[in-house]
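Below you'll find the structure, written out as structure tokens, and then a few comments.
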Amino acid sequence: MPLEVQWPLPNLSQPSKLWQLGTSVVVPAVGLLAKLFHGWLNTVNVYNKEVLFNAIENRPKDVPLITVCNHHSCLDDPFIWGMLELKHLVRQKCMRWSVAAHDICFTNEIHSRFFALGKTVPVCRGEGVFQKGMDYCIDLLNRGMWVHIFPEGKVNMVTQEFLRLKWGVGRLIAESKKCPIVIPFWHVGMNNVLPNKEPYVPQWGQLVTILIGNPIDFTCLRSTMQRENKSAMEQRKKITDVIQDEFGQLKTKLRRYITLACHPRHSAEKSCYRPACLIVCAAHRRAWLGLCGLELWQQLFQLCCVLTGEEMC
């Protein structure tokens, strides 16, 4: 089924100033919400996060970044990005572009505009790897940007069995002008944060564990397949198979980490600053009512630093 609303994303060569202003507000706002939700209401343990941070901060400007992960909850994006640092979340230019189903996030003009300002690209299920949303993602990658994709193609709601990955991610990697840095990761627990059953109410006090994998270098594989004149379909399949294998290894490794660590539901470190957070909230509640604009953002940012235990940057 095609997209029923007007295409919501700008021409990347000439994005309007109004669009740039809007996305500069929406992306940090949603990022701070994710940080508060994961840093205060739930417990998040992340292994190997330095790999992702390094790719975000230090990769060359013309080298694209692709992240891929499993999809167990409708809140995976944006809430998994609560694992990032505040300095990432408040800078929309370094934040990810994400791919979302048109029949979930782009059902009317209002929703469409909001998700577009949140750097979300609509894709239409059933239209295959050659569609406008995927073309747009390739354009983003060719400009050195970060694109996140759920290669399972849907929320794995019930059994969370190991699904066969869709080939769209293979096309993104194969057709980018410069070979992207590809970072896979696997997470567990997001289906408890937002259970995949009615009434679909986000939960607090849950444990989410994330394992960031090492970057996958597809440079040699791309060169080999091009030299051997492999068809575009063969290239997409081979690349996707590599990611599928990596997902399997990450899933097994993360299960072992969880078993060995025996994580408590809440860490002592987090519980020690939560009462202080409540005091901060109570003390400033009345003062915040009269704030707006930049002052409100500054207060929210300071609160987020207190809640998550991070230093001001």
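A short reminder: the numbers here are calculations on the coordinates, not readings from a lab. Since the structure is predicted, the reported quantities are computational estimates derived from the model, not experimental observations. Note: ideal-geometry Cβ built from the backbone for every residue, glycine included; neighbour counts use all protein chains shown.
Computed extension gain for Asn11 through Gln203, at 0.36 nm per residue and net of the alpha carbon distance, reaches 65.3 nm. Between the stretch 72-137 and the stretch 175-225, how far is it from one alpha carbon centroid to the other, in angstrom? Their Cα centres are 14 Å away from one another.
If you add up the charges near Ile138, with Lys and Arg at +1 and Asp and Glu at -1, over every other residue whose beta carbon is less than 12 angstrom from its beta carbon, what do you get? Overall, the nearby charge balance is +2. With Cβ to Cβ distances under 13 Å as the rule, what net charge do the other residues near Val63 carry (K, R +1; D, E -1)? Computed value for this residue: +2. Here the simple spin-label model places points 7 Å from the Cα toward Cβ, and for Leu18 and Leu33 these points are separated by 2.3 nm. Rounded to the nearest 20, the size of the Cβ-charge dipole of the stretch 72-138 about its Cα centre is 320 debye, with Lys and Arg at +1 and Asp and Glu at -1. Estimated from the Cβ-Cβ distance and a Förster radius of 35 angstrom, the FRET efficiency linking Asn214 and Leu163 is about 0.95. With the simple spin-label model, which puts each label point 7 Å out from Cα in the Cβ direction, the Asn196 to Glu127 separation comes to 2.5 nm. Post the alpha-carbon centroid distance, the stretch 244-260 to the stretch 12-30, in whole angstrom. Distance between centres, Cα-based: 37 Å. Taking the inverse of the mean 1/r over every pair of distinct Cα atoms in the stretch 17-266 gives a Kirkwood hydrodynamic radius of 18.6 Å.
For the stretch 115-145, the residues whose backbone nitrogen is under 15 Å from a point 7 Å from the Cα of Glu4, taken along Cα to Cβ, are 124-125. Each of Thr252 and Glu234 was given a label point 7 Å from its Cα along the Cα-to-Cβ line. The distance between the two points is 2.8 nm. Most simply put, the stretch 98-229 has about 50% antiparallel DSSP beta bridges, counting only bridges with both residues inside it.
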